[in-house]
Amino acid sequence: MKLLGIGSRIDHSEYGKGVVTNVSSKHYWVTFLDNGLETIDLDSDFEIIESVEDEVDTVSFFDVERSLVKILEKWSDTHEKVALADKWKGGKLILEPSGGLAAKEMPIDTFFHKIVMVRDRIRVMEQKINSSKNLDDQEKVDLQQYITRIYGSLTSFNVLFKNKSDQLVGERSK
């Protein structure tokens, strides 16, 4: 049996996706996206996503942290913390229908989180379009214009963002 090296990525039947952060004579130490650090037997049931060879010595915590951040960025929708403007913290969103029907209330923090997730998923979609090998340049441009219009439609929610750099931006006037 050939050992996986540090930095190898696996998909474990029980713990999910992770990266090998250390190797001993009987175990892999693996940091999993959803389950944190686990030790698993060398002959555990897992699929190799990416194998790194000849890297079986110890690594620093910094190296482990850097590897984990790269994995999270690759597999996650969220890439950064986004702050809600201070004036909205603890506030609530109230939707009042006509006709005397009951109003719907939601914490603004919850609503803001959903807007940020939409923004982040659009960014991921944009990256996938731009890196696609199946689309030609004109198709990429066409799809990018739709994404720009989506951002433009969502700019009404910019009032919720604390930092201007986090806001949604549509087409800029020339």
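Taken together, the values in this text are just the output of simple stated rules run on the coordinates, not laboratory data. Here the structure is a predicted model, which means the values were calculated and not measured. Glycine gets a Cβ as well: all are built from the backbone with ideal geometry, and neighbour counts include every protein chain shown.
Data overview
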| quantity | calculated |
| --- | --- |
| Computed Kirkwood radius, in angstrom, where 1/r is averaged over Cα pairs of the chain | 19.8 |
| At most 16 other Cβ within 10 Å, DSSP loop - trypsin sites (Lys or Arg not before Pro), region 7-52 | 26 |
| Karplus-derived HN-Hα couplings along region 117-130 (A = 6.51, B = -1.76, C = 1.60, θ = phi - 60°), whole Hz, x at Gly and Pro | 5, 4, 4, 5, 5, 5, 4, 4, 4, 4, 5, 5, 5, 5 |
| Extension reserve of the residue 34-residue 169 stretch, reckoned as 0.36 nm per residue once the Cα distance is removed | 45.4 nm |
| GluC sites (Glu not before Pro) restricted to region 95-174 and DSSP loop, no more than 15 other C-beta within 10 Å | 171 |
| Ratio Rg/Rh, restricted to region 86-166 and using Cα atoms, in which Rh is the Kirkwood radius | 1.12 |
| Formal net charge of residues neighbouring residue 16 (Cβ-Cβ distance under 12 Å; K, R +1; D, E -1) | -3 |
| Amide H partners (placed H, <5 Å) of residue 37, local residues excluded | 32 |
